[in-house]
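I have placed the structure first, in the form of structure tokens, so that the comments after it can refer back to it.
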Amino acid sequence: MRAVVYKGPFTVAVEDVEKPGIQHPNDVIVRVTSTAICGSDLHMYEGRTAAEPGIVFGHENMGIVDQVGPGVTGLKEGDRVVMPFNVACGFCTNCAEGYTGYCTTVNPGFAGGAYGYVSMGPWQGGQAEYLRVPYADFNCLKLPAGDAHETDFILLADIFPTGYHGCELAGVRPGESVAVYGAGPVGLMAAYSALLRGARKVFVVDRVPERLRKAEEIGAVPVDFSAGDPVEQIKEQTDGAGTDKGVDAVGYQATAGGTGEEEPATVLNSLVNTVRPTGALGVPGLYVPADPGGPDEQAKQGMLLVAIGKLFEKGLRVGTGQCNVKRYNRSLRDMIIEGRAQPSFVVSHELPLDQAPSGYDKFDKRIEGYTKVILHP
Ligand SMILES: NC(=O)c1ccc[n+]([C@@H]2O[C@H](COP(=O)([O-])OP(=O)(O)OC[C@H]3O[C@@H](n4cnc5c(N)ncnc54)[C@H](O)[C@@H]3O)[C@@H](O)[C@H]2O)c1
Ligand SMILES: [Zn+2]
Ligand SMILES: [Zn+2]
């Protein structure tokens, strides 16, 4: 079958690889109909991780059940399903408590598994014609038959729940103001989720015009951090008070407004200064224990200079980590079915699998409006 294979920094190729088969009674094989490229894939694509050439990418996957293992009870051939990017067992302590992003069964020595991701276990990615899904009864979310809402439902694999998770970590409540840093897919989904949760005003900070325009389209206030300090811009629009809550949807590859140089702690520090005392920060943006490509010695060891004194003084709460997609995907699916949510506004390009190399290149350069790319194998 055809699959997107990592060849080395800034290179992927669509190649023939072995088609996956049932390996355990609880497996299903899914014929992939949609699979998305994620900002997290770019960390590997850019050679910033230990990902070895040969890995098949793709943790945001949906499709049609094609083969069913003999131990699977809730699924049959032909079912339309979307899988959380987290691979999870359903029975370990963390899974049982709803923390499926921290499953200790699927990835020995490390909490949390994912398809097609370095250090997240042996699970092949779904940017391919077929995907093997383990613990299938637990990991597949059923969707209505047919092909309606395909580009909404694919976003249930990661970014819609992850944006929502950012708001959940920050405890966004009706009537609050929220500052979201980053207008990539995750930031736009966080802003959209904040509005769904009843926020009265949502600021979205970025420098990419097309992305800021999307934020404006959904009713958020765009803030261009290349035009001046975003903290000041937000304070000016909140009578100096700052916002109730904040979301970091950028992570460790944050850049400084003035120079455009990488400055991994800049968003965390901006948030500490943007959010009012006793507010809270949700940090779905990724930070890593080691970043060989980091701009200085500390950053290379995953240590950043964060204004912890100010954070303490203001009594801010901080929530971090991988999204436990299963906690949110069912209710967000039902919001889509009822017409109450249409996250697909974030999708900028739909491409056949063969065009993945160009999709990666343009998404990585954030050019030609590339915001969220869906591949159709
Ligand atoms: N926690 C999770 O489960 C989870 C899931 C998916 C993605 N992520 C992470 O979320 C982050 C965002 O993902 P994405 O797909 O939206 O990525 P992305 O790279 O497309 O978007 C990041 C955006 O941040 C902007 N940015 C850079 N520096 C900034 C600054 N100083 N202030 C404001 N904006 C700035 C960039 O211009 C870009 O538009 C990544 O770190 C990704 O790995 C986490
Ligand atoms: Zn993703
Ligand atoms: Zn588990």
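What are the residues in region 219-245 that are acidic (D, E), over 17 Å from T371 (Cβ atoms) and surrounded by fewer than 18 Cβ atoms within 10 Å (Cβ to Cβ), if any? Walk me through how you get there before you give the answer.
First, pick out the residues of region 219-245 that are acidic (D, E): 224, 229, 232, 236, 239, 244.
Keeping just the survivors that are over 17 Å from T371 (Cβ atoms) gives 229, 232, 236, 239, 244.
Correct list: D229, E232, E236, D239.
Return the residue satisfying two criteria in turn: it lies in region 264-283 and is in a strand (DSSP E or B) and among the aliphatic types (A, V, I, L, M), and of such residues it is surrounded by the fewest Cβ atoms within 10 Å (Cβ to Cβ). Write out each step before concluding.
Of the residues in region 264-283, the ones in a strand (DSSP E or B) are 275-283.
Narrowing the set further to residues that are among the aliphatic types (A, V, I, L, M) leaves 275, 280-281, 283.
Values: V275: 28, A280: 19, L281: 26, V283: 23.
So, considering only residues that are in a strand (DSSP E or B) and among the aliphatic types (A, V, I, L, M), the one surrounded by the fewest Cβ atoms within 10 Å (Cβ to Cβ) is A280.
Taking region 352-377, which residues are among the hydroxyl-bearing types (S, T, Y) and modelled with pLDDT under 95? Show your work before the answer.
Residues of region 352-377 among the hydroxyl-bearing types (S, T, Y): 358, 360, 370-371.
Within region 352-377, Y370, T371 qualify.
Just one of the numbered conditions (1) open to solvent by less than 10 Å² (accessible area, probe 1.4 Å); (2) on the phi > 0 side of the Ramachandran plot; (3) not polar (S, T, N, Q) is not true of D248; which one?
(2)
Quick check on my filter: what residues within region 85-103 are within 12 Å of ligand 3 (Cβ to nearest atom), open to solvent by less than 80 Å² (accessible area, probe 1.4 Å) and in a loop (DSSP other than H, G, I, E, B)?
Selection gives A88, C89, G90, C92, G98, C103.
Only one residue in G315, G279 is modelled with pLDDT of 95 or more and out of contact with any helix residue (DSSP H, G or I) (no Cβ under 9 Å at 6 or more places or on another chain), so which one is that? Break it down into steps so the answer makes sense when it comes.
Details: G279 fails: out of contact with any helix residue (DSSP H, G or I) (no Cβ under 9 Å at 6 or more places or on another chain).
Residue meeting the stated conditions: G315.
Since G58 meets every condition but one in (1) open to solvent by less than 50 Å² (accessible area, probe 1.4 Å); (2) within 16 Å of ligand 3 (Cβ to nearest atom); (3) in a loop (DSSP other than H, G, I, E, B), which condition does it not meet?
The single condition G58 does not satisfy is (2).
For K142, work out the one condition from (1) assigned to a loop (DSSP other than H, G, I, E, B); (2) open to solvent by 10 Å² or more (accessible area, probe 1.4 Å); (3) not small (G, A, S) it doesn't fulfil.
(1) is the only condition that K142 fails.
Give region 198-218 a look and list any residue that's without any contact (Cβ under 8 Å) to a residue 40 or more places away in the chain and surrounded by fewer than 18 Cβ atoms within 10 Å (Cβ to Cβ), or say none.
Answer for region 198-218, where residues must be without any contact (Cβ under 8 Å) to a residue 40 or more places away in the chain and surrounded by fewer than 18 Cβ atoms within 10 Å (Cβ to Cβ): G198, R200, P209, R213, E216.
Within the set of pairs 6 or more residues apart or between chains, which connect a residue that is without any contact (Cβ under 8 Å) to a residue 12 or more places away in the chain inside region 76-90 to a residue that is open to solvent by less than 10 Å² (accessible area, probe 1.4 Å) with Cβ atoms less than 7 Å apart?
K76/V65
Could you go through region 116-134 and let me know if any residue there is buried (at least 23 other Cβ atoms within 10 Å of the Cβ), within 14 Å of ligand 1 (Cβ to nearest atom) and not polar (S, T, N, Q).
Yes: region 116-134 contains one or more residues that are buried (at least 23 other Cβ atoms within 10 Å of the Cβ), within 14 Å of ligand 1 (Cβ to nearest atom) and not polar (S, T, N, Q).
Identify all residues within region 37-93 that are acidic (D, E) and under 24 Å from R327 (Cα atoms); write none if there are none.
Step one: list which residues in region 37-93 are acidic (D, E), which gives 41, 46, 52, 60, 66, 77, 79.
D41, E60, D79 - these are the residues of region 37-93 that are acidic (D, E) and under 24 Å from R327 (Cα atoms).
For (1) open to solvent by less than 60 Å² (accessible area, probe 1.4 Å); (2) of a type in the set (A, V, I, L, M, F, W, C); (3) within 14 Å of ligand 2 (Cβ to nearest atom); (4) not in a loop (DSSP other than H, G, I, E, B), each residue gets a yes or a no:
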| residue | (1), (2), (3), (4) |
| --- | --- |
| G74 | yes, no, no, no |
| E77 | no, no, no, no |
| T105 | yes, no, no, no |
| F110 | no, yes, no, no |
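The rows are residues; the columns are (1) open to solvent by 30 Å² or more (accessible area, probe 1.4 Å); (2) small (G, A, S); (3) within 16 Å of ligand 2 (Cβ to nearest atom); (4) over 26 Å from the mean Cα position of the chain (by Cα).
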{"position": "P20", "(1), (2), (3), (4)": "no, no, no, no"}
{"position": "Q23", "(1), (2), (3), (4)": "yes, no, no, yes"}
{"position": "N26", "(1), (2), (3), (4)": "yes, no, no, yes"}
{"position": "G47", "(1), (2), (3), (4)": "yes, yes, no, no"}
{"position": "A51", "(1), (2), (3), (4)": "no, yes, yes, no"}
{"position": "G54", "(1), (2), (3), (4)": "yes, yes, no, no"}
{"position": "M62", "(1), (2), (3), (4)": "no, no, yes, no"}
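From T11, T33, which residue is closer than 14 Å to Q127 by Cα and either open to solvent by 10 Å² or more (accessible area, probe 1.4 Å) or away from ligand 2 (no atom under 16 Å from the Cβ) (or both)? First the steps, then the outcome.
Working: T11 fails: closer than 14 Å to Q127 by Cα.
Only one candidate qualifies: T33.
Take the residues in region 170-183 that are out of contact with any Ser or Thr (no Cβ under 7 Å at 6 or more places or on another chain) and not charged (D, E, K, R); name whichever of them is nearest to ligand 2 (Cβ to nearest atom). Break it down stepwise before answering.
Initially, region 170-183 is screened for residues out of contact with any Ser or Thr (no Cβ under 7 Å at 6 or more places or on another chain), giving 170-176, 180, 182-183.
With not charged (D, E, K, R) added as a condition, the list becomes 170-172, 174-175, 180, 182-183.
Numbers: A170: 20, G171: 23, V172: 21, P174: 28, G175: 30, V180: 17, G182: 14, A183: 16 Å.
The residue in question is G182.
State all residues of region 145-178 that are open to solvent by less than 10 Å² (accessible area, probe 1.4 Å), among the aliphatic types (A, V, I, L, M) and closer than 24 Å to S348 by Cβ; if no residue qualifies, say none.
I154, L155, L156, A157, I159, V178, listed by residue number.
The values are calculated or read from the model by the stated rules, or taken from the named source; none is laboratory data. Quantities reported herein were computed from a predicted structural model and do not represent experimental measurements. For neighbour counting, all protein chains shown are included, and Cβ atoms are generated from backbone atoms with ideal geometry for every residue, glycine included. Side chains are part of the model used for accessible areas, which takes the heavy atoms of the whole protein and leaves out ligands, DNA and RNA. Shrake-Rupley method; radii C 1.70, N 1.55, O 1.52, S 1.80 Å.
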